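A.B. asks: Pasting a structure below so you can have a look.
The values are calculated or read from the model by the stated rules, or taken from the named source; none is laboratory data. All values reported here derive from a predicted model rather than from experimental measurement. Cβ placement follows ideal geometry from the backbone for every residue including glycine, while neighbour counts extend to all protein chains displayed.
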Amino acid sequence: MIHNRQIVIARMLATAACTALVAAACVGVGASPSSAPELTSPGLTSLATGSNATAGTSTPTSSPAPAGTRSPAPAATGSTAPAPPAGPTSTTELGEADSGRMLTVSVGATVKLVLHNIYWTVHDSPDPSVLTMIGRPVYSVAGAVKCVPGAGCGTVTATFKALARGSALISASRTSCGEALQCTGGAGLFEVTVVVTP
């Protein structure tokens, strides 16, 4: 009888011990995060390390501009385009400093010549079918107070009209270049070649 009671007590103690061991193991697992098994899944490892190889993820790429938007214009290269020919309604003014140059204008354009001495004689166009003088040159004499007598102070203005495609010469000449001074070299000659384009 005593033997049977000891067996029952031993079984109860064993059961209690197992229960305590199981509870301790459960508490130990829950209280020790470091004892958890290491994650070795390739996908999860790459995610933890920041790699883009994780399945289902993709690297964002630059999206195209929305429809209707315009891309920014390219930067200027700094080069200067040549000036276009004078238009049909434009007027180009010439002076002494333009002598010897070539001027390109369009049919219908006007060329105004202003020379700053009344001793200049403006000549008619050698080809009036291409470039013709409108009216006659206009002389404007400066007042006596502003000019030494014989210096020819004032202006001569002549206007030309481009009529057809071709080239013609605007020219003027003078023999006196000041008070009792004869012109020498190119000082007494003015010439500009005018090229008329359609």
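A.B. asks: Kindly indicate which of ALA158, ALA168 is surrounded by 14 or more Cβ atoms within 10 Å (Cβ to Cβ), over 19 Å from GLY188 (Cβ atoms), under 45 Å from the mean Cα position of the chain (by Cα) and not β-branched (Val, Ile, Thr).
C.D. replies: Step by step, each of ALA158, ALA168 is checked, and only ALA168 is surrounded by 14 or more Cβ atoms within 10 Å (Cβ to Cβ), over 19 Å from GLY188 (Cβ atoms), under 45 Å from the mean Cα position of the chain (by Cα) and not β-branched (Val, Ile, Thr).
A.B. asks: Those residues that are surrounded by fewer than 17 Cβ atoms within 10 Å (Cβ to Cβ) and assigned to a strand (DSSP E or B), I need them from region 171-198; list them, please.
C.D. replies: Within region 171-198, SER173, GLN182, LEU189, GLU191, THR193, VAL195, THR197 meet the criteria.
A.B. asks: In addition: Just the residues that are modelled with pLDDT of 95 or more, among the aliphatic types (A, V, I, L, M) and surrounded by 12 or more Cβ atoms within 10 Å (Cβ to Cβ), please, taken from region 113-155.
C.D. replies: Residues satisfying the conditions are LEU113, VAL114, LEU115, VAL122, VAL130, LEU131, MET133, VAL138.
A.B. asks: Are there any pairs, at least 6 apart or on different chains, whose C-beta atoms fall under 9 Å, with the first in region 93-122 and free of Cβ contacts under 8 Å to residues at least 40 places away in the same chain and farther than 25 Å from GLU179 by Cβ and the second among the aliphatic types (A, V, I, L, M) and buried (at least 20 other Cβ atoms within 10 Å of the Cβ), and if so, which?
C.D. replies: These pairs meet every condition: GLU93/VAL111; GLU93/LEU113.
A.B. asks: Need pairs with beta-carbon distance below 9 Å; first residue farther than 15 Å from CYS153 by Cβ and within region 177-188, second charged (D, E, K, R); sequence gap 6+ or separate chains.
C.D. replies: CYS183/ARG174; ALA187/ARG174; GLY188/ARG174
A.B. asks: Search region 122-162 for residues being hydrophobic (A, V, I, L, M, F, W, C) and not in a strand (DSSP E or B), and hand back the single one that is nearest to VAL194 (Cα to Cα).
C.D. replies: Filtering first and then ranking leaves VAL130.
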